[in-house]
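Everything below concerns the one structure shown next.
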Amino acid sequence: MKRIVLSAAVAVAVSVAARAEVQETAVAAKPETVASIAERETGGKIIALYKNTKKIFFVNAQSRVSAEIVEAARKKMQDVLRTPVDITEGKFDFAAPKIEGELSLYVIDDDKMPISLVAPEGRWAFVNVARLAEGRGEKAQFLEARVKKECARIGCMLFGGISSTYKQNLLSFAGSAEDLDKFETDNLPVDGPMRCQRYLLSLGVKPYRLTTYRKACEEGWANPPTNDVQKAIWDKVHALPTAPIKIKPEEKKTEK
């Protein structure tokens, strides 16, 4: 009886090991995608800024909503505008707000202030999470969605896209936080960001250039690698030649 039990246990162990080996082989044999090949060859996309470009900022001056939500709103704005948008922590003083960069969008928490306010002459605006948290905003999913939508809407207005020719979008009139709930996403109409780009360029805020890590290494301005793929590219680009470069001597021309 013990032999039978032992044999069964051995058989199960062998079967488990075989399945694990098959799964490992399947993972190893998984074909690469176009994206994975491009990632390996280029090191991924990176942002190249003009040396003399000015910047615009999101200033997080509250703690009711997580910093990750404000960062997501900032990144969405940067991707849409294709213009550098930085973020920093700070405090909001209504009487004398400190302007970071050329324009500052504050995210504040003050139940005495309106939902949002744009002061183009002062080059600042704010989005107020305290008012966005009212009603259904008491639930995290509604509040976070509202913050993203209002940051997109007010940010676009501050950065030069005050209106849109399209109907029913985030740049349309919003008289309450509940009006924001009518929109499914924080996407902006295409003509808003286009106007922003022209206005920001007049302030010296230039659009960035998307390039690859390999190209940045070849141009000599890449930052040190942050992963194995980038390190392989860095080492290859910066490697010294294995053989001396031979320059063929110039042949003298003789007159006939």
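Quick note: the coordinates plus some simple rules give every number you see, no bench work behind them. No experiment lies behind these values; they were computed from the predicted model shown. Glycine also receives a Cβ, built like all others from the backbone with ideal geometry; neighbour counts cover every protein chain displayed.
For ASP79 and LYS248, compute 0.36 nm times the residue count separating them, minus their Cα-Cα distance, and round to one decimal in nm. Please list the in-between numbers first.
On the way: separation 169, 0.36 × 169 = 60.84 nm, distance 4.96 nm.
Fully extending the segment from ASP79 to LYS248 adds 55.9 nm.
Would you pull out the residues with amide H under 5 Å of ILE87's amide H, same chain only if 5 or more places away, H placed 1.01 Å from N?
For ILE87, the qualifying residues are PHE58.
By count of other Cβ within 10 Å, fewest leading, how are GLU41, GLU250 ordered? Spell out each step's value before the answer.
Working: GLU41 11, GLU250 6.
By the 10 Å Cβ count, ascending, the order reads GLU250, GLU41.
Based on the Cβ-Cβ distance from MET194 to LEU117, what FRET efficiency comes out when R0 is 22 Å, to the nearest 0.05? Display every interim value, and only then the final one.
Working: r = 24 Å, r/R0 = 1.10.
Calculated transfer efficiency: 0.35.
Which of rounded, prolate, oblate describes segment 179-227, given a ≥ b ≥ c as roots of the alpha-carbon gyration tensor eigenvalues and a/c under 1.5 marking rounded, otherwise prolate only if a/b is larger than b/c? Walk me through the numbers on the way to the answer.
Details: a/c = 3.97, a/b = 1.81, b/c = 2.19.
Oblate is the answer for segment 179-227, as a/c is 1.5 or above yet b/c matches or exceeds a/b.
May I ask which of LYS75/LYS149; LYS54/LYS148; LYS51/LYS215; LYS45/LYS215; LYS55/LYS98; LYS45/LYS149 have a Cα-Cα span longer than 20 Å here? Mind showing how you got there, number by number?
On the way: LYS75/LYS149 13 Å; LYS54/LYS148 24 Å; LYS51/LYS215 17 Å; LYS45/LYS215 10 Å; LYS55/LYS98 15 Å; LYS45/LYS149 27 Å.
From the list (LYS75/LYS149; LYS54/LYS148; LYS51/LYS215; LYS45/LYS215; LYS55/LYS98; LYS45/LYS149), the Cα-Cα distance tops 20 Å for LYS54/LYS148; LYS45/LYS149.
Which order results if TYR213, TYR106, TYR166 are arranged by neighbouring Cβ count within 10 Å, fewest first? Could the numbers behind the result be given before it?
Numbers: TYR213 23, TYR106 26, TYR166 13.
Arranged by neighbour count, lowest to highest, TYR213, TYR106, TYR166 become TYR166, TYR213, TYR106.
Enumerate the amide H contacts of SER66 below 5 Å, restricted to partners 5 or more residues apart or on another chain; note that Pro and chain-start residues carry no placed amide H.
none
Given H placed on each backbone N at 1.01 Å, which residues far from VAL127 in sequence or on other chains put an amide H within less than 5 Å of it?
Placed amide hydrogens put TYR106, VAL107, ILE108 under 5 Å from VAL127.
I need SER164, SER176 ordered by Cβ neighbour count within 10 Å, fewest first.
On the way: SER164 20, SER176 11.
So the residues, fewest neighbours to most, are SER176, SER164.
Can you work out the FRET efficiency for the pair GLN141 and LEU203, with r the C-beta to C-beta distance and R0 = 51 Å, to the nearest 0.05? The partial results should precede the final answer.
Working: r = 36 Å, r/R0 = 0.70.
Once the sixth-power term is evaluated, E becomes 0.90.
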